[in-house]
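Q: First, the structure itself, so that you have it in front of you.
Readers should treat all values here as calculations from the given coordinates under stated rules, not as data from a laboratory. Bear in mind that the values here come from a model prediction, so they are computed numbers and not experimental data. No Cβ is skipped: glycine too gets one built from the backbone with ideal geometry, and neighbour counts run over all protein chains shown.
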Amino acid sequence: MVLKGRAWKFGDNISTDLIIPGRYFHLRSNLPELAKHTLEDADPQFREKFKPGDFVVAGYNFGLGSSREHAALVLRETKVAAVLAKSFARIFFRNAINVVGLNSKATHYHR
């Protein structure tokens, strides 16, 4: 299988607050509006230049922090094809499966 799309590269420890900033908590019942702010604190141009089907590539501990399930939901709403990370924070990983229903397969990769 060959997947095509652009890769948006982030570093280690991308928190749920970087995925969806807490200042937009009031939008949690309006997922399309909330998704307009996906990863804007990590990369201010992400939503402007992102295209559905692009990938998020990160280092270790993606999704650390609060149990904010909206962090996983906005990635789906934004139409991120996949999040590829060296590791995922446990709470984000569980939310991605339980709330969003994502399939997961843990793999190790080297640079």
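Q: Taking θ as phi - 60°, what are the ³J(HN,Hα) couplings along region 39-49 by the Karplus curve (6.51, -1.76, 1.60), each to the nearest whole Hz, with x for Gly and Pro?
A: Karplus values, whole Hz, x for Gly and Pro: 6, 5, 7, 7, 8, x, 9, 3, 5, 5, 9.
Q: Pairs of alpha-carbon atoms within less than 8 angstrom and 6+ residues apart define the contacts here; what relative contact order does the chain have, in percent?
A: Taking the mean separation of contacting Cα pairs over the length of the chain, I get 29 percent.
Q: How far, in nm, would the chain grow between D12 and D43 when pulled straight, counting 0.36 nm per residue and subtracting the alpha carbon separation?
A: Full extension of this stretch gives 9.8 nm more.
Q: Below 15 Å Cα-Cα, how many Lys pairs turn up in the chain? Only count pairs eight or more apart in sequence, or on different chains, if you could.
A: 11
Q: Of the labelled options [x] 23; [y] 51; [z] 34, which one gives percent of Cα pairs over 22 Å apart as computed for this structure?
A: Computed from the coordinates, percent of Cα pairs over 22 Å apart corresponds to [x].
Q: Scan around A85 for amide H atoms under 5 Å from its own, H built in the peptide plane at 1.01 Å from N, and keep only partners 5 or more places away or cross-chain.
A: Correct list: A58.
Q: Treating only the Cβ of Lys, Arg, Asp and Glu as charged (+1, +1, -1, -1), what charge dipole size does the chain show about its Cα centre? Round to the nearest 20 debye.
A: For the chain, the charge dipole is close to 360 debye.
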